[in-house]
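Step one of this worksheet: look at the structure below.
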């Protein structure tokens, strides 16, 4: 009889052997998992290096989503690379005096504009993904459209980007479980928690800056 619970964390235990085999068979998913976690953790801390890891994570994820036929997510990663370059620049030089940009709240006018963009683009993208025989085309279109908007909002350091990510990550937990990308399903469960943490961390920082002015 093996001592519990330590046995299950040894390399010879069946759970660890199964996990090791899964990682060996899915190296892109594994490294996408690791780099995405690093990226989002750095983002919650307002660390500009998060954008570098966003680019690396997107590169690994392109292969994962191609194999899963999640074409919306595949295209999303390509756009993420461009937004990540933009976001890194904005975080460093996006201020009025070309200094680091500060956390701010999104305006009602911009919220309406982004909502209209989503309502127009999501159905069109869903139709395109369906015609390309993608998996879960309309749900994938919703998560893709919202992810693009959330990533742009993060690049501009709008506090509310984390609220959008909370909703997107919740949906993605189910999407990736359905497509048997179990590691990514678990990843987005963790990202859901990080998004909640990120929202409160950024809100505290925003309130500190308000109090200091």
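Points to keep in mind about this one:
- With contacts taken as Cα pairs under 8 Å at a separation of at least 6 residues, segment 10-132 carries a relative contact order of 16 percent.
- The C-alpha atoms of the chain define a longest principal axis, and helix 182-212 lies at about 30 degrees to it.
- Zero-based 10 Å bins, Cα pair distances in the chain, whole percents: 8, 31, 33, 18, 8, 2, 0
- Cα long-axis angle, helix 137-155 against the chain (0 to 90 degrees, to the nearest 10): 50
- Added length on full extension, which subtracts the Cα-Cα distance from 0.36 nm per residue, residue 109 to residue 211: 34.2 nm
- Relative contact order for segment 138-202, counting Cα pairs under 8 Å that sit 6 or more residues apart, in percent: 31
- Full extension of the chain segment joining residue 190 with residue 102 gains 29.1 nm, where the gain is 0.36 nm per residue of separation less the Cα-Cα distance.
- Relative contact order for the chain, counting Cα pairs under 8 Å that sit 6 or more residues apart, in percent: 19
Quick note: the coordinates plus some simple rules give every number you see, no bench work behind them. The shown structure was predicted, so the numbers you read here are calculated from the model rather than taken from an experiment.
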